[in-house]
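What follows is a set of notes on a single structure, which appears directly below.
The values are calculated or read from the model by the stated rules, or taken from the named source; none is laboratory data. From a predicted model like this one, the values you see are computed outputs, not experimental measurements. All Cβ positions, even for glycine, are placed from backbone atoms using ideal geometry, and neighbour counts span all protein chains on display.
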Amino acid sequence: MQPLFIIRYSLNSENAMFTASELLERINSHIAELQFTRTPQGLYAPVTYVLSMGGKRIRPVLMLMAYNLYQEDITRIFNPATGIEVYHNYTLLHDDLMDRADRRRGKETVHKVWDDNAAILSGDAMLVLAYQFMAQCPVEHLKEVMDIL
């Protein structure tokens, strides 16, 4: 018997299911390709830093898995899935500051690398970015998606 995470089954007509590992690889690649070139750089450098730490990415992978049950083209929801991950990391950034944590995923936390103000403001920027990513879902589902957050 195969482990659950590599079983392929599908309700979509093309029968193109991805494994959790494949979805993780794809969403990691998508997030790694994001360019936060906005200014001030001091606000967005911590965002890039936090997102580059990786992690399990369970939330976007589960979203992609659920979508892939019915649709083959998972790239259509990469941005909303990224929004969920950015939102999750925003909460971690603020949590680290509130708990005065020194490390997250083996690296120094944002308030240790920069300072408390950078952590607060970068976290706030991540919240806005999360909503912007989520808003890139198909317009007919926008209200439902935004109500989730």
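A few remarks follow.
- Close pairs (8 angstrom Cβ cut-off, 6 or more residues apart or separate chains): in contact (Cβ under 8 Å) with a residue 12 or more places away in the chain in the stretch 103-124, of a type in the set (Val, Ile, Thr) and surrounded by fewer than 13 Cβ atoms within 10 Å (Cβ to Cβ) anywhere: none
- Count - residues of the stretch 12-54 that are β-branched (Val, Ile, Thr) and part of a helix (DSSP H, G or I): 5
- The set of residues in the stretch 133-149 being touching a Cys at 6+ places or on another chain (Cβ under 9 Å), exposed (fewer than 11 other Cβ atoms within 10 Å of the Cβ) and either within 21 Å of Tyr90 (Cα to Cα) or in contact (Cβ under 8 Å) with a residue 24 or more places away in the chain (or both) is empty.
- Number of the exception - Thr82 against (1) of a type in the set (Ser, Thr, Tyr); (2) more than 23 Å from Asp147 (Cβ to Cβ); (3) in contact (Cβ under 8 Å) with a residue 24 or more places away in the chain: (2)
- Meets criteria (touching a strand residue (DSSP E or B) at 6+ places or on another chain (Cβ under 8 Å) and either closer than 18 Å to Ala16 by Cβ or hydrophobic (A, V, I, L, M, F, W, C) (or both)) for Met53: yes
- Between Gln35, Gln71, Gln41, the distinction of being farther than 21 Å from Leu127 by Cβ and either at pLDDT below 95 or over 16 Å from the mean Cα position of the chain (by Cα) (or both) belongs to Gln71 only.
- With respect to (1) at pLDDT 95 or above; (2) over 25 Å from Phe18 (Cβ atoms); (3) out of contact with any Ser or Thr (no Cβ under 8 Å at 6 or more places or on another chain), the lone exception for Arg103 is condition (3).
- Number of the exception - Pro46 against (1) closer than 19 Å to Arg105 by Cβ; (2) surrounded by fewer than 20 Cβ atoms within 10 Å (Cβ to Cβ): (2)
- Taken over the stretch 52-73, the criterion of being surrounded by fewer than 20 Cβ atoms within 10 Å (Cβ to Cβ) and aliphatic (A, V, I, L, M) is satisfied by Met53, Ile58, Leu62, Met65, Ala66, Leu69.
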